[in-house]
Amino acid sequence: MRRYAQKLNGDEELWGVVGLLHDFDYDRYPSLDDHPYKGNEILKQRGYSDEIRRAIMSHAEYTGVTRDTPMEKALFACDELAGFITACALVKPGKSLAEVEAKSVRKKMKDKAFARSVNRDDIVNGAADLGIDLERHIAFCIEAMKAVAPQLGL
C-alpha cells in the first residue's frame, strides 16, 4: 500500500495504516457476517477516522461499500494478491520473495488447486479498477513486497 501511495500521490502513512489494519479482525471474526464489520466497530470505538474505516469496509465486495478513491482501489487490488504472492514465495526452494516473478505468479493463478481460497477474480478486477495491466500490477506488488521482505519473513 505504501508503494502504491508513492506511485499515486497518496498519503504514504495513511495508506500504510489502512493496509496494515484492514484484516486485523479476520482471525477472530472470519465469517462474512462479522468481517470487516466487527473490526469497523472496534476502530470506530478507538477513534479511527471515517476515511480509514470506509477504505477497510470497501475491501470486501459483500459489504456493498463502493471503492471510490485511489486508496480504496489499491487496497482491494493488493489484498488478495499479497496473499497469493506470499503463497508463491512459500513454495519456492528458498521460501523467498527473491525467487518470485510475475510470470510464475500468473502461471500459478491458473492452477485452481494452488492457494484455492484466493479469489483470482478479485486480483484481476483489482488491477483493472486501478487501470493497470495485470502483469505490471503483479510485478509492482512483488517489488514492493521484496522491499520489506525481512519484515514479512520472506
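I'd like the residue in the stretch 7-41 that is in contact with a helix residue (DSSP H, G or I) (Cβ under 6 Å, 6 or more places away or on another chain) and within 22 Å of ILE138 (Cα to Cα) and, out of all such residues, is surrounded by the most Cβ atoms within 10 Å (Cβ to Cβ). Here the answer is VAL18. Residue pairs whose Cβ atoms lie under 6 Å apart, separated by 6 or more positions or on different chains, with the first residue in the stretch 40-67 and under 20 Å from ASP129 (Cβ atoms) and the second among the β-branched types (Val, Ile, Thr) and not in a helix (DSSP H, G or I), are MET57/VAL65; SER58/VAL65. Exactly one residue out of LYS44, LYS73 is in contact with a helix residue (DSSP H, G or I) (Cβ under 8 Å, 6 or more places away or on another chain), within 22 Å of ASN125 (Cα to Cα) and in a helix (DSSP H, G or I), and it is LYS73.
Of all residues in the stretch 105-119, those satisfying the criterion of being surrounded by 12 or more Cβ atoms within 10 Å (Cβ to Cβ) and either assigned to a loop (DSSP other than H, G, I, E, B) or in contact (Cβ under 8 Å) with a residue 24 or more places away in the chain (or both) are VAL105, ARG106, LYS108, MET109, PHE114, ALA115, VAL118, ASN119. If I filter the stretch 84-104 for residues that are out of contact with any Leu (no Cβ under 7 Å at 6 or more places or on another chain), hydroxyl-bearing (Ser, Thr, Tyr) and surrounded by 14 or more Cβ atoms within 10 Å (Cβ to Cβ), do I get at least one hit? Yes, there is a match, as at least one residue in the stretch 84-104 is out of contact with any Leu (no Cβ under 7 Å at 6 or more places or on another chain), hydroxyl-bearing (Ser, Thr, Tyr) and surrounded by 14 or more Cβ atoms within 10 Å (Cβ to Cβ).
Screening ILE123 against (1) over 23 Å from GLN6 (Cβ atoms); (2) touching an Asp or Glu at 6+ places or on another chain (Cβ under 6 Å) leaves a single unmet condition, (1). Per the conditions (1) assigned to a loop (DSSP other than H, G, I, E, B); (2) in contact with a Leu (Cβ under 9 Å, 6 or more places away or on another chain), the sole criterion not satisfied by TYR26 is (2).
Just so you know, all these numbers are worked out from the coordinates, no wet-lab data involved. The structure presented is a predicted model; accordingly, all values stated were derived computationally and were not measured. Virtual Cβ from ideal backbone geometry, glycine too; neighbours counted across all protein chains shown.
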